[in-house]
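The values are calculated or read from the model by the stated rules, or taken from the named source; none is laboratory data. Quantities reported herein were computed from a predicted structural model and do not represent experimental measurements. Note: ideal-geometry Cβ built from the backbone for every residue, glycine included; neighbour counts use all protein chains shown.
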Amino acid sequence: MATSTIRSVFMGPRLRRLRRDLGLTQADMAADLDISAPYVALLERNQRPVTADMLLRLARTYKIDLADLAGDGGADHTARMQAVLKEPMFADIDIPPLEISDIAIGYPGLAEAFLRLYTAYREEQLALAEGAKSLSSRGGLDVNDPVAEVRRFLAARRNNFADLDDAAERILHGPADTGWFIERLSSRHNLRVRHLPPDVMLGSVRRLDRHRKEILFDDSLDTASFNFQLAQQLAYLEFEDEMSTALKAGQFSTKSGELLAHRSLASYAAAALIMPYSAFAKAAETRRYDVEALARQFGTSFEQTAHRITTLQRPGSEKVPFFLIRVDPAGNISKLLDGAGFPFAKHGGACPLWSVHGAFKTPRQIVTQWLELPDGQRFFSIARTVTAGGGSFGAVRVERAIAIGCAAEHAGKLIYTSDETGPRADAPTPIGVACRVCHRPTCAARSELPIGRELLPDDYRRLSVPFGFSSD
């Protein structure tokens, strides 16, 4: 950081923490810095700003990096607190932005405690919501579902981990291509990359052999998958501290849930290396969230790109909030990320009228759809099939469909909602979350009777829908 860019800042709590970490009294620090002990006390109580000269003295005396010492003035905590305080539960509390900034800068420990409490509250609310749906649909609460634990963990944080994004951008000095990953693994970790046939890999696509100092890869991986595996291995080697910190803030009742969350964080970090937050967010807005165009720009697959789009919720630089769902031809949900407030069914299949289930009829073609839920909420989604596996003749391929979407209010920012004539708003398809909680009486695709509704007799009249029930 150049001296000319350093301003006087109030950093009392940080200065106090630094002194205590060094095991110094106020008198000791005063002697080291050639100032008076009462002046140190004033600095620590934020009654005097830390000047540029004082920052330089601190950096030279205690061999501290000036950028780390000056920090960001609480900008990260300020942005995160402002995002949290927009929640409806705080709507009746008038907190001026300056007060939020004062708390974040002057009392970073208190700000962090507030943010941790809010995140824990969000996880509990999500768990209660899932529990209520589980009780009504399955007759009991499934408290040890590791997949549900990870979904709560991600949803409570809006699928964004700014520390991992920051860590990735710190080590990048340009695009991270295959050569960059291989060179860094070699120079920083003394690891050589080797490609081996699938029959030698015995079902693995990547394996770290510490004894031979090699990372082995299945040679049938395509370029996007190979780069992602390189990035994920690098994340395990270099970002373990950031991932461990994020995991400690989670609430996991099962070891499997914690392991799945750890894997999700490594995948997040891999995406952050291949698609750095700042560059990707800028490109996403420029290209109006054109997933295929973004995939070509960053050399990623459609699924990797769609997944990354759901993570663009860094406090202070939030973009369009998206949800993502991945299903197989049987309707099984294998991936679920909600950053847009879409009320996914926690158990059972999704609505068959949603185009994500019909995307298998038109492989690798994007299908757009406006959706309307029974309560009137509207969303816009795009769906497309993706292929996993393959790479050689006879290799197993798995076809799945992915849908990402956003609330109708954000749809105008997407390239998919316009044509040559300008913005387009097609008639929405009425869908439900799941048949058991959908009360639309005229749905011909219904597979179950709604909870709390009585079936109408068909002695004298047989309706055209599978289950006839009163609409009042």
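Summary of computed values
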| quantity | calculated |
| --- | --- |
| When residues of region 391-430 are limited to those that are of a type in the set (Ser, Thr, Tyr) and surrounded by 12 or more Cβ atoms within 10 Å (Cβ to Cβ), the one modelled with the lowest pLDDT | Ser418 |
| Within region 245-276, considering residues that are part of a helix (DSSP H, G or I), at pLDDT 95 or above and not aliphatic (A, V, I, L, M), the one farthest from Arg308 (Cα to Cα) | His262 |
| Residues of region 89-145 that turn out to be outside any helix (DSSP H, G or I) and at pLDDT 80 or above, as a count | 5 |
| Residues of region 442-471 that turn out to be closer than 19 Å to Pro374 by Cβ and of a type in the set (Ser, Thr, Tyr), as a count | 4 |
| Test result for Leu336, part of a strand (DSSP E or B) and closer than 26 Å to Arg80 by Cα | yes |
| Verdict on Ala279 being in the same structural domain as His173 (by TED's automatic domain parsing), buried (at least 16 other Cβ atoms within 10 Å of the Cβ) and either out of contact with any Phe, Trp or Tyr (no Cβ under 7 Å at 6 or more places or on another chain) or part of a helix (DSSP H, G or I) (or both) | no |
